[in-house]
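Reading through the structure tokens given below for one structure.
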Amino acid sequence: MANLFDYLKWRGDLSWEQTPLNEIDSLILSRLSYLPFDGIVPSSFTEVISVSDAAKQFLHKEGAAEQLIMKTDLPFLQEVANSDRFNKLGLCGYTNQVNLDEEKQFAAMVIHLLPDLSYVSYRGTDLSLAGWKEDFNMSFCTPVPAQIDAVAYLNNAAEEVPGTLCIGGHSKGGNLAVYAASFCRPDIQDRIRFVHNHDGPGFDSCVLESDGYQRIVEKVKTFIPQSSVVGMLLQHEEDYYVIRSDQVGLMQHDLFSWEVDRDRFVYLDEVTEKSKFVDRTLKSWLTQLSPEQREQFVDTLFSILEETNASTLKELTLNWHRSARIVLRSFREMDDAMRRNLAHALGLLFEAAKESVRNNLQQGRARPKFLPHKATDEVKKP
């Protein structure tokens, strides 16, 4: 089945006036904030660089490919930069912050589509353990530092960026998009066309019952693959839409695996039994704990990981044998329930880490080239 790359070939030469912003465009724009444009895209909201120029600068940097989170980000960036639909879009307001002491990982960017239409894109979890711990902190603490930054970012961006705003993100970025739209100023909420959460976790009841969330919820759409793990964590009050993925298990979180049909996703009626099982087990256990007990669970989990002296998932997996010995030694003094659920959470982290390492190994060390676009597919309007 078709995916984002096929969409870029099918619709890549159509302007925004010819074909308005759709849900596949939104997924592409949410992925753009994952690209490490540090020192390339201006931090100011008034200075702009085009997607094409930003891609050229990044792809000519020494070791550029090794900075990417996923191997597919390299051909993705090349396709986007060669696409008439995306290559002239303006990028600005880039920020990328990782603070181990604050347990924070936050990154975002504004993308100008038309003079009166912009997309605020929030990055999801990167490979840092600080980013993953912040995800887990969401189970007992609201707001986490990245959520606070997401609100401030949207308020600041809206001061400088005119017109209608669309908000989106993938993974934790989707959660940040919804949170920012819920707690930004009411006059900014009025300017928001939609908020797209691409397989990001939900919220606890204090957010869902807030006046800000209730004002924006009709504009929120959540998209999850059929075996979603991340997107099923915590609670969602907004409608969610189930998308077919060509991957299995946790790897369905990879948005490049989501199937598309021209300018829309391929939808299913419901999530799989495995996703429901994960939703029932880990979520049910967490909901039975007090906030203090949840905090203890997360702190215990990451104190084990900190003993490995790893700061990223890649480092954790490359030294797998030593990491496993430390984990097993730490498990001996825990009760059965804590041990079982820590093992489940660590399994999810190690699975994601191993896939990341495989991606980086396949990516290789070859310096990427900025390749000219050769249009071979005829684009047909639906």
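What follows is calculated from the coordinates using simple rules that are stated; it is not laboratory data. Given the structure is predicted, the values throughout are model-derived calculations rather than measurements. All Cβ positions, glycine included, derive from the backbone under ideal geometry; neighbour counts span all protein chains shown.
List of remarks:
- Highest-first arrangement of 198-206, 113-121, where packing means the average Cβ count within 10 Å: 198-206, 113-121
- Amide H contacts of Ser50 (H built 1.01 Å from N, under 5 Å, at least 5 apart or other chain): Leu91
- Counting Lys and Arg as +1 and Asp and Glu as -1 over every other residue whose Cβ lies under 13 Å from the Cβ of Val48, the net charge comes to -2.
- Taking amide hydrogens as placed 1.01 Å from N in the peptide plane, the amide H of Cys166 sits under 5 Å from those of Ser118, Tyr119, Val120, Arg193, each at least 5 positions away in sequence or on another chain.
- Sorting the segments 148-154, 212-218, 93-99, 186-192 by their residues' average number of neighbouring beta-carbon atoms within 10 angstrom, most packed first, yields 148-154, 93-99, 212-218, 186-192.
- Long-range HN-HN contacts of Leu268 with modeled amide H, under 5 Å: Val242, Ile243, Arg244
- Here the simple spin-label model places points 7 Å from the Cα toward Cβ, and for Leu14 and Gln247 these points are separated by 2.7 nm.
- 18 Å cut-off, amide nitrogen to a point 7 angstrom out along Thr164 Cα→Cβ, residues in region 15-43: 15-30
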